1. For the condition among the β-branched types (Val, Ile, Thr) and without any contact (Cβ under 8 Å) to a residue 12 or more places away in the chain, what is the one hit in Val325, Val305?
2. Mind telling me which of the residues Ala187, Ala207, Ala128, Ala212 ends up being small (Gly, Ala, Ser), free of Cβ contacts under 8 Å to residues at least 24 places away in the same chain, within 25 Å of Thr79 (Cα to Cα) and in a helix (DSSP H, G or I)?
3. Among the residues of segment 444-464, is any modelled with pLDDT under 75 and either more than 22 Å from Gly335 (Cα to Cα) or in contact with a helix residue (DSSP H, G or I) (Cβ under 7 Å, 6 or more places away or on another chain) (or both)?
4. Return the residue satisfying two criteria in turn: it lies in segment 65-85 and is crowded, with 23+ Cβ neighbours inside 10 Å and of a type outside the set (Ser, Thr, Tyr), and of such residues it is nearest to Ile199 (Cα to Cα).
5. Being β-branched (Val, Ile, Thr) and either at pLDDT below 80 or touching a helix residue (DSSP H, G or I) at 6+ places or on another chain (Cβ under 7 Å) (or both) narrows it down to one residue among Ile186, Ile179, Ile199; which is it?
6. Of everything in segment 273-296 that's aromatic (Phe, Trp, Tyr) and in contact with an Asp or Glu (Cβ under 9 Å, 6 or more places away or on another chain), which residue is nearest to Ser348 (Cα to Cα)?
7. Could you list, in sequence order, the residues of segment 173-184 that are surrounded by fewer than 22 Cβ atoms within 10 Å (Cβ to Cβ) and either in contact (Cβ under 8 Å) with a residue 60 or more places away in the chain or closer than 28 Å to Val318 by Cβ (or both)?
Amino acid sequence: MMFKPKIDQSTLSQVLALSAKNLLIIAFGLNLGIPTILIPGLLEDNKQGLFLVTKDEVSWIGSIFMASVPLGSLFSGVTSNYLGRRRSLQLVAIPFILCWVVLYYSTQIWQVYTALCVLGLFGGLIEAPFAAYVSETTEPGVRGALSTMTNVAVAIGYLIEFLMGAFLHWRKVMLYCTIVPALSFIALTIVPESPHWLIMNNKEEEARKSLAWLRGWTKTENIEGEFVEICKYLDQHGVNKKMGIREKTGFFFKKNFLWPFGLVMFVYFLVYFTGGITLLTYSVNIFKTFEVPIDNYYATLLLGVTQLLGSLCLLSLVRKLGKRVILFFALSTMGLCSLSVACYAYASGIKSIILDDDDSESFFKDQTGYEWIPLAFLVLLCFMFYFGMYIMPWLLISEVFPYETRSTGCGVCSALANVFGFITNKSFLYIIDSMYLFGMYFTYAAISFVGVTVLYFLLPETEGKPLPDITDHFKGISKLSNKVEKKSSAPIKAAIDNNPISIP
């Protein structure tokens, strides 16, 4: 009997197209992991007089990347519509490489700041072309799984960074990280441009070839029906229609924008203020403070593995359980983990965080038997963060906004979310000074439990629901059930409805 592959040719072509994009997302994950490796590395150099750094500068290293991402996010829609989805992503790869090289050769703190700022700026430019390319190139049946792969790609980036950081000097880590964006630049030259963008720019023949490539390298006549439907839909929704400023801005004051906007921003707030982000940023120093029974860098590497496992679990379960159940379970468990860590810190008299990092040659340290407690709860917190929290707002923003405001809504929400990231990382050390480490984790626990309560009443289940039904829910016309919709919607219509192209 002949072997029949589980993945058909059409799906395979879409997987390959998004794999090129996901290489850049892995590079973005490497960027997010920079402070985790850089902070303890610079503090070690500081003790040896090789690189002078203060506590305030440490807080800037942990947050300055997030501070510059919003600016890039705001301009990402413009560059995506002007240059195209694929070319915009390629553009980002070049400064990524240059900034990693700058970090490798840096000898002054301003050089580190500059590199991190530029990385954040161009990292923000990924937002619009990334979201548009995913929705415009994939079919409804595989879009959910392929969208969730973004979470996996970020986790892989973190894991690679933590793995290298556990065994290499931080400068070598910076140098080796240039390989990933270089590979993504090459890979993006092979995959096609978004057919939607090509149609919008009157390149219909190229759009046909692109769509044929994405549907399994088939002949252009085989995709003519889908191509015509896309053209009709874009024309029907006035993608190329000139609109006045008042008409455009009016969309942003309607209930079906303001309600989902507030909901998404609340979920973003929970992502950044429930302990997951600061744990990843300051993990080496947090583990040092709790004197966990394994080397601090190995413990951080364990977080990287945990992130990947959490992402894979989400990938396999989101269609079965839905977003609500996963989010409630993850957020509740994170609250319990933060509460347990806070109680341990309070009972142990741990008030501040240790910034000095002493190298340890052995994997296991001397133990009293209780040091495993904070390690276990922090690792579980990280798992739940990536299983049910980190990617959720990014999944929601592609569903809850109406067509007219989807692209702009995504950009604005992403920009404000990174402002949250900057605030939480920049203030972390100073809040601990005022309310102690256990107070910080008590606060994380309280926010988590309040978040579960609020979302129970406000968050509808959107998994598997047609976009028009979701839009009607936020308009107040109808109400979504909290059950996961198992049936898939019509392929072409759902594919086009998910298009987040902004109206020029």
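The values are calculated or read from the model by the stated rules, or taken from the named source; none is laboratory data. Just so it is clear, the model here is predicted, and its values are computed rather than measured. Note that each Cβ is placed from the backbone with ideal geometry, even for glycine, and that neighbours are counted across all protein chains shown.
1. One residue alone meets the criteria, Val325.
2. Step by step, each of Ala187, Ala207, Ala128, Ala212 is checked, and only Ala207 is small (Gly, Ala, Ser), free of Cβ contacts under 8 Å to residues at least 24 places away in the same chain, within 25 Å of Thr79 (Cα to Cα) and in a helix (DSSP H, G or I).
3. Within segment 444-464, one or more residues are modelled with pLDDT under 75 and either more than 22 Å from Gly335 (Cα to Cα) or in contact with a helix residue (DSSP H, G or I) (Cβ under 7 Å, 6 or more places away or on another chain) (or both).
4. Residue satisfying both the conditions and the ranking: Arg85.
5. Ile199
6. Going through the qualifying residues, I end up with Phe290.
7. Answer for segment 173-184, where residues must be surrounded by fewer than 22 Cβ atoms within 10 Å (Cβ to Cβ) and either in contact (Cβ under 8 Å) with a residue 60 or more places away in the chain or closer than 28 Å to Val318 by Cβ (or both): Leu175, Thr178, Ala182, Leu183.
Rundown of residues vs (1) in the same structural domain as Ala166 (by the TED database); (2) over 23 Å from Thr150 (Cα atoms); (3) of a type outside the set (A, V, I, L, M), yes/no style:
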| site | (1), (2), (3) |
| --- | --- |
| Asp295 | no, yes, yes |
| Thr300 | no, no, yes |
| Gln307 | no, no, yes |
| Ser316 | no, no, yes |
| Arg319 | no, no, yes |
| Lys323 | no, no, yes |
| Gly335 | no, yes, yes |
| Ser338 | no, yes, yes |
| Val341 | no, yes, no |
